[in-house]
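Heads up, the thing below is written out as structure tokens.
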Amino acid sequence: MKLKYSEQLVVSGESSQDNTVELKEKILDQLDSFGNDYEMHVSECNDQCEREMQLEEVEEEEKEVMIPMQHAEEEVRLGFNAIINCDSIAKLSKSIPCLHISKAVKNSLSMKELNNVKWSFTKIYITANFLKTVQRCNNSNIDNFIRHVDMFLMFACGEILLVSDYEADELLQIFWESPTKDLKHLRFVNLTAVVAKRNIMEGDKLPKEPIFLGGWSTAVLRDIDLTAIQLFNGETTFPTSSKSLSILLDTDAAKVGIKYMIFNRGLGHNWNCSDLERICRDY
């Protein structure tokens, strides 16, 4: 029997409605099946993150200590114009007091284990102003107030001089105002740029052209000197192929000392799972 047009519409409408309901139910079922196990993993991850945050808060609470008010020590303008005629630390020290980093660490920092780091293998020197951070009372140390190295002066013979920010400003003016031919025996190097370039290169190769001012046509920045400066700064990231760390930190006492310096700088949160922590543990 042939249905009328109106009856066909009713049947068609009912069929379409049934299909829509069925499709809707399938979509809902499919949505329910998505991420059935995902919520459990997220919960575990959140719990772990929460425990780590609680642990960090506890550690921070444990390390909160009261220290007396400190007063900055005023730096003395030494006059770096003499560097134009100096091609070594020996010549410069006649007008500007300089100290090898091994002696500076021994005289200024209290932890004796730091003396076991092979600072003596480096060609790094420090100005008197670099060590002036806070005023000392009764021969107190500056363990908690050591400067960070930002810029350093390098001579053609490979010797390095760490300078304070105040001295760096003075040196920049000299480098900008002096003819390049007068500074061929010097380079004023940016530590951050050198480390960044070294880290993106293969192995422990050093960049041939670090960010610098001046000539420096013959000097070579040794990996052991750069590594020692990084350790002094409290850095914990190093190339895995670098052999300098095993030379500088060849004893357990040296490893303890360098860990002390890192935590004293307030950088202890970088120690766990770092390259330095792994190297100190494995060797």
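Remarks
- Of all residues in region 94-133 being polar (S, T, N, Q) and touching a residue at least 24 places away in the same chain (Cβ under 8 Å), the one that is surrounded by the most Cβ atoms within 10 Å (Cβ to Cβ): 127
- Test: residue in region 132-139 that is more than 22 Å from the chain's Cα centre (by Cα) and within 26 Å of residue 87 (Cα to Cα): yes
- Flag for residue 75 being in contact with a Lys or Arg (Cβ under 9 Å, 6 or more places away or on another chain), part of a helix (DSSP H, G or I) and touching a residue at least 60 places away in the same chain (Cβ under 8 Å): no
- Scope region 198-224; condition modelled with pLDDT of 65 or more and either in contact with a Phe, Trp or Tyr (Cβ under 9 Å, 6 or more places away or on another chain) or open to solvent by 10 Å² or more (accessible area, probe 1.4 Å) (or both); matching residues: 199, 200, 219, 220, 221, 222, 223, 224
- Residues located in region 143-164, provided they are polar (S, T, N, Q) and in contact with a Phe, Trp or Tyr (Cβ under 8 Å, 6 or more places away or on another chain): 164
- All positions within region 248-283 that are among the aromatic types (Phe, Trp, Tyr) and in a helix (DSSP H, G or I): 260, 263
- Scanning region 113-137 for residues that are modelled with pLDDT of 90 or more and among the small types (Gly, Ala, Ser) yields one hit, 120.
The values are calculated or read from the model by the stated rules, or taken from the named source; none is laboratory data. Keep in mind the model is a prediction, meaning the values are calculated, not measured. Cβ coordinates were reconstructed from backbone atoms using ideal geometry, including for glycine residues, and neighbour counts include every protein chain displayed. Note: areas computed on protein heavy atoms with side chains; ligands, DNA, RNA excluded. Shrake-Rupley method; radii C 1.70, N 1.55, O 1.52, S 1.80 Å.
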